[in-house]
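Chemist: One structure is given below, represented as structure tokens, and several questions about it will come after.
The values are calculated or read from the model by the stated rules, or taken from the named source; none is laboratory data. Since we're looking at a predicted model, the values are computed, not measured. When we count neighbours, we look across all protein chains shown, and the Cβ atoms used for this are built from the backbone with ideal geometry, even at glycine. Quick note on the areas: whole protein, heavy atoms, side chains included, nothing else; ligands and nucleic acids left out. Shrake-Rupley method; radii C 1.70, N 1.55, O 1.52, S 1.80 Å.
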Amino acid sequence: MASTCAQLCLRGTGPLYSKTVSSTWQYYTRVQQRIKVTRAPTKVISGSSIRGNHTTATTLTRLRWKQQICFYSDSAAKYLTTEAKEGTNTQELSRTNVGAHKTLLSTRDAALTTENNHISLADLDPVAQPSALEEISDEEAISISVPSAIPPVSTTLRDYVDKSETLSKLVQLGVNLWKLEQRPNVGSMLLRLNFNTDVAPRLLFLKDIGVEDSRFGYIISHNPFILTESLENLQARVNYLKSKNFSSETVASMVSRAPYLLNFSVKRLDNRLGFYQQQLNLSANNTRNIVARLPRLLCGSLEPVKENLKVCEIELGFKRNEIQHIVLAVPKLLTANKRKLTEIFDFIHNTMKVPHHLITKFPQVLNSKHLRLRERHLFLEYLGKAQYDPTLPNYITLDRLVSLPDETFCTELALATLEDFYLFQKTL
């Protein structure tokens, strides 16, 4: 019982200052000594009662314990009240503890419940809440952080589509965001754009020059940087192309098929047109023709073009006028893979024994698939029909050799069944 009372005393005065804690410990020592003094007669009385009447002894013992508890409760209340007067900082806390001890130490159950006693929230100072109508300084307004609904960091644009109007509208236009997010800094650029002020005006511009709505997604997927170009620069480049006698329909078609076309300055576009005209000795009309058919010639690097021109002239042995004719027929050869170009020419010229002038007459053969050309030539050679000289009977033109579908090739050129051709392919 003494230890329980001591714990109650310590818990009740725990938040006090160090002086109060020291005084409480001294008081607890005096109370313990007094309890020890009162226990001695209890033992004697209890001992004598046991010899006489057991019931009377039990009753007296209970009375003694009740007296001790009441004595301790009264003494603790008086002591705590006296200690509370010594400091104004602990006045309210001491009164709360005195009231708690008077109520909770009256019975044994009250003593056990005291362990869960806490300081009342009413005694705490209320937290000052700023008013919504209170004026604040500019510095305080800047320091206020508003949580953003957009995730601060992500590895994919998918997490931002539902939160960003720009991204959601781009998805509706058919833009492939999964391609754009793989390119450095493109994702963050798109998130910074405002659809109404940045994206919509560019889309309206493309529509005004004749680009179809269905091509918007393709253009932005390949060239998202067109959304950051100023409308003045875009209009200036369109005006330049029209000044070079490109029609409005041709300009719209070129922009649709070469999304980066309007990202280049007028000076660069002019230099590219001059390069092809001088290198191939083309007229202005022929230059417009090959550029309109392959507008990416104005966008890509000139190094592959220069290299292919040297390959055609030095390695393949074509004359300059033959190269000019081949390029006018198949402009794609200017940007073709060098290894593929030399491989096809080697098979046509050295295996099939086709001279340069026939290849120049049918330049599409240089743009065909090597495997397709090889299978059909070997099948005709197996049948004895591989005849490519126009001066001999059963002449087979190179364009029909590579352009006809398999069924037509078998019935018209090979004079065989399609099943025979498929069986022959398995032997290769």
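Chemist: Which condition number in (1) of a type in the set (Val, Ile, Thr); (2) closer than 22 Å to THR397 by Cβ; (3) open to solvent by 40 Å² or more (accessible area, probe 1.4 Å) is the one that VAL330 fails?
Modeler: Only one criterion is unmet by VAL330, namely (3).
Chemist: Quick one: which residue in THR335, THR287, THR342 is open to solvent by less than 80 Å² (accessible area, probe 1.4 Å) and touching a Gly at 6+ places or on another chain (Cβ under 8 Å)?
Modeler: None of the others qualify; the one that does is THR335.
Chemist: Within the group ASN321, ASN367, ASN350, ASN394, which residue is within 30 Å of SER301 (Cβ to Cβ), loosely packed, with under 14 Cβ neighbours inside 10 Å and among the polar types (S, T, N, Q)?
Modeler: ASN321
Chemist: With respect to ASN185, is the statement that it is within 19 Å of the chain's Cα centre (by Cα), over 15 Å from PRO259 (Cα atoms) and at pLDDT 90 or above true?
Modeler: The answer is no for ASN185.
Chemist: Is it the case that some residue within segment 185-199 is assigned to a loop (DSSP other than H, G, I, E, B) and in contact (Cβ under 8 Å) with a residue 40 or more places away in the chain? Write out each step before concluding.
Modeler: Filtering segment 185-199 for residues assigned to a loop (DSSP other than H, G, I, E, B) gives 185, 193-194.
Of the ones still in play, those that are also in contact (Cβ under 8 Å) with a residue 40 or more places away in the chain are none.
Checked segment 185-199: no residue is assigned to a loop (DSSP other than H, G, I, E, B) and in contact (Cβ under 8 Å) with a residue 40 or more places away in the chain.
Chemist: Exactly one of these conditions fails for LEU204: (1) free of Cβ contacts under 8 Å to residues at least 40 places away in the same chain; (2) under 26 Å from ALA236 (Cβ atoms); (3) hydrophobic (A, V, I, L, M, F, W, C); (4) open to solvent by less than 30 Å² (accessible area, probe 1.4 Å). Give me its number.
Modeler: Only one criterion in (1) free of Cβ contacts under 8 Å to residues at least 40 places away in the same chain; (2) under 26 Å from ALA236 (Cβ atoms); (3) hydrophobic (A, V, I, L, M, F, W, C); (4) open to solvent by less than 30 Å² (accessible area, probe 1.4 Å) is unmet by LEU204, namely (4).
Chemist: Evaluate segment 339-355: report whether one residue or more is under 39 Å from the mean Cα position of the chain (by Cα) and either free of Cβ contacts under 8 Å to residues at least 12 places away in the same chain or assigned to a loop (DSSP other than H, G, I, E, B) (or both).
Modeler: yes
Chemist: In segment 381-397, is there at least one residue being under 20 Å from LEU294 (Cβ atoms) and either among the β-branched types (Val, Ile, Thr) or in contact with an Asp or Glu (Cβ under 7 Å, 6 or more places away or on another chain) (or both)?
Modeler: No, segment 381-397 contains no residue that is under 20 Å from LEU294 (Cβ atoms) and either among the β-branched types (Val, Ile, Thr) or in contact with an Asp or Glu (Cβ under 7 Å, 6 or more places away or on another chain) (or both).
Chemist: For LEU273, only one of the following conditions fails: (1) open to solvent by 30 Å² or more (accessible area, probe 1.4 Å); (2) outside any loop (DSSP other than H, G, I, E, B). What is its number?
Modeler: (1)
Chemist: Separate question: Which residues, taken from segment 226-246, are exposed (fewer than 15 other Cβ atoms within 10 Å of the Cβ) and assigned to a helix (DSSP H, G or I)?
Modeler: Within segment 226-246, THR228, LEU231, GLU232, ASN233, GLN235, ALA236, ASN239, LYS242, SER243 meet the criteria.
Chemist: Follow-up. Would you check if ASN289 is free of Cβ contacts under 8 Å to residues at least 12 places away in the same chain and not acidic (Asp, Glu)?
Modeler: no
Chemist: Is it true that VAL175 is touching a Ser or Thr at 6+ places or on another chain (Cβ under 8 Å), outside any helix (DSSP H, G or I), in contact (Cβ under 8 Å) with a residue 24 or more places away in the chain and surrounded by 14 or more Cβ atoms within 10 Å (Cβ to Cβ)?
Modeler: For VAL175, the condition - touching a Ser or Thr at 6+ places or on another chain (Cβ under 8 Å), outside any helix (DSSP H, G or I), in contact (Cβ under 8 Å) with a residue 24 or more places away in the chain and surrounded by 14 or more Cβ atoms within 10 Å (Cβ to Cβ) - is met.
Chemist: Which condition breaks for LEU191 when tested against (1) modelled with pLDDT under 95; (2) of a type in the set (A, V, I, L, M, F, W, C); (3) open to solvent by less than 20 Å² (accessible area, probe 1.4 Å)?
Modeler: It is condition (3) that LEU191 fails.
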